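First the structure, in the form of structure tokens, and then the observations on it.
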Amino acid sequence: MQTIGIVIGGKGRGSNMEALIRAFGDCVRVVVAPHENLPAVDRARALCAHVEIVQATEPERLVEVLSHVDWVCLAGYLRLLPLEVLTSHPGRVLNIHPALLPKFGGKGMYGHHVHDAVLAAGEEESGCSVHFVTEHYDEGAVILQKRCAVLSDDTSESLAERVLALENVAYVEALRSLIDHG
């Protein structure tokens with residue numbers, strides 16, 4: 001049985017984390033959060049997931065906490081992952097991005113910033129990308145993308161809602177495919 005660790009950030013609500021926990025159950029061994037008082041931490045505990053609090057300034061502890069899992073999934077984690085984590089899990093660290101990479105990726109491209117940029121560029125479609133994590137923001141190979149139309153009356157919020165629904169499906173699909181075939 002392949003095991004999973006999920007690393008969350010301090011801003012998200014935890015819907016991608018929840019989708020992974022619901023899909024993979026006991027295979028999710030740990031949810032790592034930067035601090036205790038987060039809606040995503042409450043959500044993880046409500047789903048009976050084990051939560052560890054690890055500060056961004058503790059890369060050695062992060063490596064230790066994740067040393068017992070086969071796959072690492074980032075969910076709302078907005079920092080570059082410490083190189084030690086990448087080297088300890090080569091080709092087994094994933095992230096999801098709320099746009100069709102390579103467009104609209106990179107430092108600062110998260111949340112409404114991405115959707116604002118998609119709308120400002122006049123794109124006809126958007127979506128999400130599950131990709132491998134490297135030492136650079138959003139530059140790892142794309143594993144899976146899901147697409148949706150950008151509607152003429154879309155706002156950043158309405159587009160974000162549709163893309164998030166795709167993310168919750170795409171992340172599970174991509175990880176399941178990698179586990180089943182690798």
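The values are calculated or read from the model by the stated rules, or taken from the named source; none is laboratory data. All values reported here derive from a predicted model rather than from experimental measurement. Reconstructed Cβ throughout: ideal geometry from the backbone, glycine too, with neighbour counts over all protein chains shown. These accessible areas exclude ligands, DNA and RNA; they are computed on the full protein's heavy atoms, side chains included. Shrake-Rupley method; radii C 1.70, N 1.55, O 1.52, S 1.80 Å.
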Please pick out the residue among SER67, SER88 that is among the hydroxyl-bearing types (Ser, Thr, Tyr), more than 16 Å from the chain's Cα centre (by Cα) and open to solvent by less than 60 Å² (accessible area, probe 1.4 Å). SER88
Restricting attention to region 132-146, and to residues there that are charged (D, E, K, R) and part of a loop (DSSP other than H, G, I, E, B), which single residue is nearest to GLY108 (Cα to Cα)? ASP138
Scan of region 27-41 for residues that are open to solvent by 20 Å² or more (accessible area, probe 1.4 Å) and touching a residue at least 24 places away in the same chain (Cβ under 8 Å), ordered by number: CYS27, ARG29, PRO34, HIS35, PRO39
Which of the residues belonging to region 10-43 are among the small types (Gly, Ala, Ser), modelled with pLDDT of 95 or more and over 19 Å from LEU175 (Cα atoms)? ALA33, ALA40
Of these, LEU74, LEU62, LEU94, LEU101, which one is modelled with pLDDT of 95 or more, of a type outside the set (Ser, Thr, Tyr) and in a helix (DSSP H, G or I)? LEU62
Tell me, yes or no, whether region 104-115 has at least one residue that is at negative phi, touching a helix residue (DSSP H, G or I) at 6+ places or on another chain (Cβ under 8 Å) and surrounded by fewer than 16 Cβ atoms within 10 Å (Cβ to Cβ). yes
